[in-house]
């Protein structure tokens, strides 16, 4: 480019600092910000990946439009890409080579597409990826080889899919994983060893599934878990030791399940519950078998969410009473 | 009228992974939200916002948040925020009531 043309371009950019469209280096379907830390391109409406994005592009937003095809060389020429936001399109498959040339990718958002599977090896070059969001797709399962290469993954969101069962080896060696979201699926059970390779897990979302129980030892390898969401399942019984390794738990949500009884000591070894706990919307059977729970409740009542929605379902003479009130009145053997 | 207790649970579940609310709270994936109400978009000091967010140019209040939190990406195309939104109006109202309280303490 001749220096006078460069000067003209510079003058043009200086005079119109926010004008990103119609500038020669930004594709027609896109709006590009001026490069400061690399170009940020927001594109659409369109139905195919725009060609000609500048080589310094770090952020690409193509959302809520009709993108359905992502060819394997779609991201060719974007070696600096850090974040790829593709929510709300019609992407039903991804080529295994898509991310080969974007080793700096940190964030991939594929929320709200129509993916039913992922190719194995997709993330082989994705050692920098820290956030992967697959929420709201049509995944019925997840295979370990789909996730190979995600050594730095911090946040994995597979919520609102159609997951029924998960392979036990799915999450081995995800040592960086802090947040795992499996909510709003159709999970009938969790393999007991599912969380074995997640020593740094801090948040686990399992709300809105079909879990009837949790296997002993499910949380034995996640001692730093702070937030555990189990509401809206079909939990009717729990092993007494299930939460005993969770000494740092700040929030436990067991609301909207089928819990009538819990074993003695279920909640005793848990962390401080600094944020709170929710036992509401369960069919509590308020007899003497719940004495262990009554005792714990009285010691932790200031952190109890929805006290007036945590009610006894039975026996008849307790039905409709607040669990906490029964705990206060019931004469239990000394603990 | 939103329910603060419900809002608190929604915040912990859906917002707390990326945002703090208290005065002096740190930025995480998203900005600290203290002082949000009555402030223009993209102004939490020290956070690197996208131009899309900074240039939206509205002042955050209950009505704006009601619209935004239904689908943030539609309200601010080009936002980095990864959150599909809260469909139920009642839940948004609960969250907003909680936010108003927590971000002004």
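Relative to the dominant Cα principal axis of chain A, helix A:291-300 is inclined by about 50°. Taken over region A:277-329, the percentage of Cα pairs per 10 Å bin, counting from 0 up to the bin with the maximum distance, is 29, 63, 9.
For region B:4-103, the extents of the C-alpha atoms along the principal axes are 33, 29, 23 Å, listed from largest to smallest.
Look at the stretch B:45-54: the mean tally of other chain Cβ atoms within 10 Å of its residues' Cβ atoms is 2.
With springs only between Cα atoms under 10 Å apart, run a GNM on chain A and tell me which of A:73, A:317, A:264 wobbles the most. Maximum among the listed residues: A:317.
Taking every alpha-carbon pair under 8 Å whose residues sit at least 6 apart, region B:4-103 reaches a relative contact order of 33 percent.
Each stretch of four or more DSSP H residues adds -39500 (n - 2.57); spread over every residue of chain A, this sum gives -2500 deg cm²/dmol at 222 nm. With each label modelled as a point 7 angstrom along the Cα→C-beta vector, the residue A:51-residue A:151 pair spans 3.6 nm.
Panel note: the C-alpha atoms of the protein assembly as shown, placed on their principal axes, show extents of 91, 48, 31 Å (largest first).
Under 1.5 on a/c is rounded, so check that first for region A:204-310, then, if it is not, pick prolate when a/b is larger than b/c and oblate when it is not; a ≥ b ≥ c are the square roots of the alpha carbon gyration tensor eigenvalues.
On the way: a/c = 1.29, a/b = 1.13, b/c = 1.13.
Rounded.
For a Förster distance of 35 Å, can you work out the FRET efficiency between the beta-carbons of residue A:73 and residue A:165, rounded to the nearest 0.05? Can you show the working numbers first?
On the way: r = 35 Å, r/R0 = 1.00.
My answer for the efficiency is 0.50.
Partner shielding of B:11-17 amounts to 5, given as the average count of beta-carbon atoms from other chains within 10 Å of each residue beta-carbon. Placing a label point 7 Å from the Cα of residue B:62 along the Cα-to-Cβ direction, the residues of region B:81-105 whose backbone N falls under 18 Å of that point are B:88-105. Using only the alpha-carbon atoms, how far is helix A:3-15 inclined from the longest principal axis of chain A? Give it as 0 to 90 degrees, nearest 10. It is inclined by approximately 40 degrees. If you build a Gaussian network model of chain B, linking Cα atoms that sit under 10 Å apart, which residue out of B:22, B:87, B:62 swings the most? Residue with maximal mean-square fluctuation among B:22, B:87, B:62: B:87. Between A:152, A:319, A:87, the GNM of chain A built on Cα springs shorter than 10 angstrom shows A:319 fluctuating the most.
Coordinate-derived values only; no laboratory data. Only a predicted model underlies this, so the values are computations on that prediction, with no experimental measurement involved. No Cβ is skipped: glycine too gets one built from the backbone with ideal geometry, and neighbour counts run over all protein chains shown.
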